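Colleague: One structure, as structure tokens, below. Some questions next.
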Amino acid sequence: MIKAVLFDLGGTLIQTAEIPEIFRRILKVFGIEVSCEEVSNAHEANKAELDVAAGQIRCGMEFWTEFNSQLLRRLGIENNVETLAKNITNLWWDNADLRFYSDVPKALSWLKARNIKVGVVTNALREDYEQILQRLGATRLFDVVVGIDDCKRAKPDKQIFFYALERLGVKPDEVLFVGNELEADYEGAKGAGLKALFIDRERKNSCKINRLTTLKELRLHIS
């Protein structure tokens, strides 16, 4: 019997503008013109060099100043880099076109109507996920929300899943996890003993679902 469904946040429940476009918009505010391709290349190079999850656990939001500073230098920007990097962090969600995927409200309502607990396990910092939920008017929508600085662990580490289960008072085999990252979400949840579904919004891989409304069509013993 499924008693709770946990979700990843970005790419599963939450949709935003593409990361290079968000950078481009913010830099334009400060009179800096760059292309999305340039930002994308710099961003991928940063991710290859910096461990994002470990950096956030170690430094919190200060990590993003370091990340953005390095990205700016890759773009050939050298003046007032740290100040500009902080401004990117501060202005990020103002320029992100933040929204739920259209199928999310219906799927969550369907689960809640059946007394299924719902929650989020995300590799985001509390400061970020709280701002996201506040902007979407969803601060009371979930029974639990866990980020990487809540337990100093990041998906696919099973401890971050266990932390959420403990707060909900449920066992691993009573929980379904839905996420859009194969290793962090699908494999991570299975490794913690949860049931897992991979959601592929862009249909890039063979998977179980591409919309959350199809949850009700699956035989998950939800009564």
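Colleague: Could you state, as a whole-number percent, how many of the C-alpha pairs of segment 19-95 are farther apart than 20 Å?
Modeller: Summing the P(r) of segment 19-95 above 20 Å gives 22 percent of all pairs.
Colleague: For A85, what is the net charge nearby, where nearby means another residue's Cβ is under 13 Å from its Cβ and Lys, Arg count +1, Asp, Glu -1?
Modeller: -1
Colleague: Is there a pair in K152/K190; K106/K195; K28/K152; K28/K86 whose C-alpha atoms are over 24 Å apart, and which pairs would that be?
Modeller: Listed pairs above 24 Å: K28/K152.
Colleague: OK, next. For the chain, what does the relative contact order come out to in percent, with C-alpha contacts under 8 Å and a separation of six or more?
Modeller: 27 percent
Colleague: Continuing with this model, one more query. Taking only Cα atoms, what is the 0 to 90° angle, nearest 10, from helix 104-113's long axis to the longest principal axis of the chain?
Modeller: Value to nearest ten degrees: 30.
Colleague: Once you place label points 7 Å from the Cα toward the Cβ at N80 and R126, how far apart are they in nm?
Modeller: 3.3 nm
Colleague: Let me ask something else. Counting only helical runs of four or more DSSP H residues, what would the 222 nm mean residue ellipticity of the chain come to if each run contributes -39,500 (n - 2.57) and the total is spread over all its residues?
Modeller: Theoretical 222 nm ellipticity from helices: -12500 deg cm²/dmol.
Colleague: Something else: To test your reading of the geometry: what angle, between 0 and 90 degrees and rounded to tens, separates the Cα axis of helix 158-168 from the longest principal axis of the chain?
Modeller: Once rounded, one gets 60 degrees.
Colleague: Determine the principal axes of the Cα atoms in segment 48-92, then give the extent along each, sorted from largest to smallest and rounded to whole angstroms.
Modeller: On the principal axes, segment 48-92 reaches 28, 23, 14 Å in Cα extent.
Colleague: Give me the number: length gained by fully extending D173 to R99, i.e. 0.36 nm times residue separation minus the C-alpha to C-alpha distance, one decimal in nm.
Modeller: Length difference between fully extended and current span is 23.6 nm.
Colleague: Mind pulling the angle between the C-alpha long axis of helix 126-135 and the longest principal axis of the chain? Nearest 10 degrees, somewhere in 0 to 90.
Modeller: 80 degrees
No value in this document is a laboratory result; all are computed from the given coordinates. Here the structure is a predicted model, which means the values were calculated and not measured. We place every Cβ from the backbone using ideal geometry, glycine too, and count neighbours over all the protein chains shown.
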